[in-house]
1. In the range A:6-31, which residues are part of a strand (DSSP E or B) and over 15 Å from B:Leu45 (Cβ atoms)?
2. Filter the range B:97-112 down to residues that are modelled with pLDDT under 90 and more than 8 Å from every other protein chain (Cβ to nearest Cβ) and give me whichever is surrounded by the most Cβ atoms within 10 Å (Cβ to Cβ).
3. If B:Asn67 satisfies every condition in (1) away from chain A (no Cβ under 14 Å); (2) surrounded by fewer than 20 Cβ atoms within 10 Å (Cβ to Cβ); (3) outside any strand (DSSP E or B) but one, which is the exception?
4. For the range A:39-82, name all the residues that are touching a residue at least 12 places away in the same chain (Cβ under 8 Å) and of a type in the set (Ser, Thr, Tyr).
5. Filter the range A:65-96 down to the residues that are aliphatic (A, V, I, L, M) and within 17 Å of A:Gly112 (Cα to Cα) and list them by number.
6. Please specify each residue of the range B:38-64 satisfying the condition of being of a type in the set (Val, Ile, Thr) and either away from every other protein chain (no Cβ under 14 Å) or closer than 18 Å to B:Ala7 by Cβ (or both).
7. Exactly one condition in (1) farther than 22 Å from A:Thr31 by Cα; (2) part of a strand (DSSP E or B); (3) within 12 Å of chain A (Cβ to nearest Cβ) is not met by B:Phe75; state its number.
Amino acid sequence: DARVTQTPRHKVTEMGQEVTMRCQPILGHNTVFWYRQTMMQGLELLAYFRNRAPLDDSGMPKDRFSAEMPDATLATLKIQPSEPRDSAVYFCASGPIAGGPKIVETQYFGPGTRLLVL
Amino acid sequence: AQKVTQAQTEISVVEKEDVTLDCVYETRDTTYYLFWYKQPPSGELVFLIRRNSFDEQNEISGRYSWNFQKSTSSFNFTITASQVVDSAVYFCALSDLNTGTASKLTFGTGTRLQVML
């Protein structure tokens, strides 16, 4: 049963500290997404990658957030420095190779990283 | 711009009742995909169904069924004979090809379903 994995599952940190969240997409999936979920904003797309290349990170605060895919089995989301308003659940999702130019594949979500910045 | 509206913020039903969760979407594209996800109290997002804009057939999977109507831009989700384990937040989502080469999802705000004994 292939699943997206995320670490850590929970993180409590102090304002100003660096936070790194990791995601292992489902093997063979070539698209990776980072979402943030808060009570106020709901689910928001932060960034996504296809074949490890960043396609869009317009949803991400550029001054403090960065997303990378060092290899096909690892995606990272970093916040530096963290702020209390970054407290949220961060989800990673992966999707398989699209079956055609007009086809949108399903995204499968990981369990999320619950971040609390004090 | 694409938009998904789930007008029902919270629904409470008694076990064994049928319940329908509404989803209304907006898009200018003629090719798009609609999804439903379930978020149980444990927090993960579980994929339930994906439907493309060219397939208006309704779908049934066990106690779950989906009614897709392009004429009203709706993709409603019905749970028959609800059970306590159905208690969760349910999200409807839309992806259209105006957003570029990858599958960006726009989520609704979710409907919290509580099934009571």
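The values are calculated or read from the model by the stated rules, or taken from the named source; none is laboratory data. Predicted, not measured: the structure shown is a model, and the values here were computed from it. Don't worry about glycine lacking a Cβ; one is built from the backbone with ideal geometry, like all the others, and counts go over all protein chains shown.
1. Filtering the range A:6-31 for residues part of a strand (DSSP E or B) gives A:6-7, A:10-13, A:19-24, A:31.
Selection gives A:Thr7, A:His10, A:Lys11, A:Val12, A:Thr13, A:Val19, A:Thr20, A:Met21, A:Arg22, A:Gln24, A:Thr31.
2. We begin by selecting, within the range B:97-112, every residue modelled with pLDDT under 90; these are B:97-105.
Subsequent filtering for residues that are more than 8 Å from every other protein chain (Cβ to nearest Cβ) retains B:98-99.
Numbers: B:Asn98: 13, B:Thr99: 20.
Within the range B:97-112, the match that is surrounded by the most Cβ atoms within 10 Å (Cβ to Cβ) is B:Thr99.
3. If we test B:Asn67 against (1) away from chain A (no Cβ under 14 Å); (2) surrounded by fewer than 20 Cβ atoms within 10 Å (Cβ to Cβ); (3) outside any strand (DSSP E or B), just (3) comes out false.
4. A:Tyr48, A:Ser66, A:Thr73, A:Thr76, A:Ser82
5. First, pick out the residues of the range A:65-96 that are aliphatic (A, V, I, L, M): A:67, A:69, A:72, A:74-75, A:77, A:79, A:88-89, A:93.
Of everything in the range A:65-96, those that are aliphatic (A, V, I, L, M) and within 17 Å of A:Gly112 (Cα to Cα) turn out to be A:Ala67, A:Leu74, A:Ala75, A:Leu77, A:Ile79, A:Ala88, A:Val89, A:Ala93.
6. Going residue by residue through the range B:38-64, those that are of a type in the set (Val, Ile, Thr) are B:46, B:49, B:60.
The one that is of a type in the set (Val, Ile, Thr) and either away from every other protein chain (no Cβ under 14 Å) or closer than 18 Å to B:Ala7 by Cβ (or both): B:Ile60.
7. (3)
Residue-by-condition table, conditions (1) loosely packed, with under 15 Cβ neighbours inside 10 Å; (2) away from chain B (no Cβ under 12 Å):
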residue	(1), (2)
A:Met39	yes, no
A:Leu43	no, no
A:Lys62	yes, yes
A:Thr76	no, yes
A:Ile79	no, yes
A:Arg85	yes, yes
A:Tyr90	no, no
A:Ile97	yes, no
